[in-house]
Structures are given as C-alpha cells and as structure tokens.
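Data first, discussion second: the structure below is written as structure tokens.
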Amino acid sequence: CGVDEAGELWCGEATEAAPGGPWSQVSRSGALVCALDSAGAITCFIVAGGAWAEAGALEGPFVSLDTGAAGGVCGRGSDGALQCEGLGDGAADWAALVPAGSGYDAIALSSDATWGCAIQGGEPACFGKAGALPDGGWSW
C-alpha cells in the first residue's frame, strides 16, 4: 500500500483509492490497512475483494502510526504519547499493553500480537504480554 502525491491511499488489490483523506502515512499488517490523515486522525480499513471496508478509527491527533497482528494499531501524538487499540473480531487487547506517559520518538508492533517497542531517549522500551518480550532484558 502507499500514498500518492495527491494524498490518495492505494493498495494493489483495491480497484479504487480509499475513501477519505488526504492521507500522509500508511501501515499494513495482513488485511488491516491503517492510514494517517492530514488532520492527524487514523482510519483503518480491511481490504478484501478489491474493496475498502472501514474497520475503526483513532481520533488523535497523531504524527505517526504502526499496525501489528491481530488488528493492532498504535498512534504516536506530537508529545510522544502513545494510544493503541485492537480492532475487529479476535483483536489483541493492545490498549491494555501500551505504556502510559509521553516522550516516545517511535513505535513498532510485533507481527505476533503479543508485544511492541517504543523508542524513548534513544533507548528501546518494550511492552507486552508476560513472557512475550524479546531477548535483551527490556521490560516495562
């Protein structure tokens, strides 16, 4: 998936651009496609059969986003605060996993729906389900 110069969101299997926008960023995990619009809101879609179906939204405002497995999407605000949600049936409880506070520079979610990491002050701070964090001694 990608955003063109006009701010339209396209995915290879979609027969037309996504509704809404203009879009500035996009992140995809499986069929879940989430995009950041010019107002800082995140809208998520499921792309199937060449069509877009809205799957949920986060109001923000956000400056970046990432998607992970099991319908996970996180947004990072301009103050570095994180907000995560699980969207759709069987979605992981991302809202319960995300750390509180602000000052985060980046966020990334895992592909197995159990953990994510944020960068704060140049250091990784990982969060997630008990026993799921990657090796490295990080904790939350």
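The values are calculated or read from the model by the stated rules, or taken from the named source; none is laboratory data. Computed from a predicted structure; not experimentally measured. Counting neighbours? That spans all protein chains shown, and the Cβs are built from the backbone with ideal geometry, glycine included. Just the protein is used for accessible areas: all its heavy atoms, side chains included, with ligands, DNA and RNA removed. Shrake-Rupley method; radii C 1.70, N 1.55, O 1.52, S 1.80 Å.
Just for segment 44-61: of the residues that are within 24 Å of residue 78 (Cβ to Cβ) and either in contact with a helix residue (DSSP H, G or I) (Cβ under 8 Å, 6 or more places away or on another chain) or of a type in the set (A, V, I, L, M) (or both), which one is least open to solvent (accessible area, probe 1.4 Å)?
In this case the residue turns out to be 58.
Restricting attention to segment 63-122, which residues are of a type in the set (Val, Ile, Thr), open to solvent by less than 30 Å² (accessible area, probe 1.4 Å) and at pLDDT 85 or above?
67, 73
Which members of segment 94-110 meet the condition of being in a loop (DSSP other than H, G, I, E, B) and of a type in the set (Gly, Ala, Ser)? Write out each step before concluding.
Pass one, segment 94-110, residues in a loop (DSSP other than H, G, I, E, B): 98-103, 110.
Those that are in a loop (DSSP other than H, G, I, E, B) and of a type in the set (Gly, Ala, Ser): 100, 101, 102, 103, 110.
Is one or more of the residues making up segment 16-27 touching a Ser or Thr at 6+ places or on another chain (Cβ under 8 Å), outside any strand (DSSP E or B), in contact (Cβ under 8 Å) with a residue 40 or more places away in the chain and open to solvent by less than 40 Å² (accessible area, probe 1.4 Å)?
No: segment 16-27 contains no residue that is touching a Ser or Thr at 6+ places or on another chain (Cβ under 8 Å), outside any strand (DSSP E or B), in contact (Cβ under 8 Å) with a residue 40 or more places away in the chain and open to solvent by less than 40 Å² (accessible area, probe 1.4 Å).
Are any of the residues in segment 50-70 among the β-branched types (Val, Ile, Thr), part of a strand (DSSP E or B) and closer than 16 Å to residue 13 by Cα?
Within segment 50-70, not a single residue is among the β-branched types (Val, Ile, Thr), part of a strand (DSSP E or B) and closer than 16 Å to residue 13 by Cα.
Exactly one of these conditions fails for residue 64: (1) free of Cβ contacts under 8 Å to residues at least 24 places away in the same chain; (2) within 20 Å of residue 98 (Cα to Cα); (3) not β-branched (Val, Ile, Thr). Give me its number.
Going through (1) free of Cβ contacts under 8 Å to residues at least 24 places away in the same chain; (2) within 20 Å of residue 98 (Cα to Cα); (3) not β-branched (Val, Ile, Thr) one by one, residue 64 breaks only (1).
Within segment 1-15, can you find the residues that are small (Gly, Ala, Ser) and open to solvent by 40 Å² or more (accessible area, probe 1.4 Å)?
Within segment 1-15, 6, 12 qualify.
Quick one: residue 13 ticks every box in (1) within 21 Å of residue 83 (Cα to Cα); (2) over 17 Å from the mean Cα position of the chain (by Cα); (3) of a type in the set (Asp, Glu) except a single one, so which number is it?
Result: residue 13 passes all but (1).
Taking the criterion of being open to solvent by less than 40 Å² (accessible area, probe 1.4 Å), in a loop (DSSP other than H, G, I, E, B) and not aromatic (Phe, Trp, Tyr), would at least one residue in segment 30-43 satisfy it?
Checking segment 30-43: at least one residue is open to solvent by less than 40 Å² (accessible area, probe 1.4 Å), in a loop (DSSP other than H, G, I, E, B) and not aromatic (Phe, Trp, Tyr).
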